[in-house]
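First up is the structure itself, then whatever we jot down about it.
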Amino acid sequence: MNYNNKLFRPISNTENGETSIETLFHYKQVGNILTCNYSGGKIKFGHLIGLVDPLGNIAMRYHQVNDKDELMTGICHSKPEILENGKIRLHEDWEWTSGDYSKGTSLLEEQ
């Protein structure tokens, strides 16, 4: 699976997360290395880097500046699901490595 030039938006997130439907993720992939810039909603700017395995699962690290001018960091594992329309839905388990160190889940869908 290749995520290069794909756009994703969250469709759900746990309350302790900062992304929302206003957040847009722009993925780039070269080989098994994934990068992404994102912003929108509570996120002024964010960046992630990750590794994609042969099944399309992503192990990533992210950092972002929120609307309170706080630098937040975390880790995330995403598992893809191919929808009936051929688009990708990402099932994410994430954890803050800053702030309150809480965990959460989110769903992102390809635009």
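Among 61, 9, the sequence by solvent-accessible area, most first, with a 1.4 Å probe is 61, 9. When the Cα atoms of the stretch 48-103 are aligned to their principal axes, the ranges along those axes come out at 39, 21, 18 Å in descending order.
Report relative contact order for the chain in percent, whole number only (criteria: Cα-Cα under 8 Å, sequence separation at least 6). Spell out each step's value before the answer.
Working: 291 pairs, mean separation 25.6, N = 111.
23 percent.
Extension gain, residue 102-residue 12: 0.36 nm per intervening residue step, less the Cα-Cα distance, totals 30.7 nm. Taking springs between alpha-carbon atoms closer than 10 angstrom, which of 31, 40, 74 fluctuates most in the Gaussian network model of the chain? Result: 31 has the largest fluctuation of those listed. Under the convention that each Lys and Arg Cβ holds +1 and each Asp and Glu Cβ holds -1, the size of the dipole of the stretch 51-90 around its Cα centre is about 120 debye. Just check the stretch 9-73 against the gyration tensor rule for me: Cα atoms, a ≥ b ≥ c as the square roots of the eigenvalues, rounded for a/c under 1.5, and otherwise prolate or oblate depending on whether a/b exceeds b/c. Prolate, since a/c reaches 1.5 and a/b exceeds b/c. If the chain linking residue 20 and residue 32 were pulled fully straight, counting 0.36 nm for each residue of separation and taking away their Cα-Cα distance, it would gain 1.7 nm. The heavy atoms of residue 55 offer some 130 square angstrom of accessible surface to a 1.4 angstrom probe. Taking label positions 7 Å along the Cα-Cβ direction at both residue 71 and residue 84, the computed distance is 4.6 nm, reported to one decimal.
Against the empirical 2.2 N^0.38 Å (N residues), the chain has a Cα radius of gyration ratio of 0.98.
The values are calculated or read from the model by the stated rules, or taken from the named source; none is laboratory data. Quantities reported herein were computed from a predicted structural model and do not represent experimental measurements. Note: ideal-geometry Cβ built from the backbone for every residue, glycine included; neighbour counts use all protein chains shown. Surface accessibility is based on the protein's heavy atoms, side chains included, excluding ligands, DNA and RNA. Shrake-Rupley method; radii C 1.70, N 1.55, O 1.52, S 1.80 Å.
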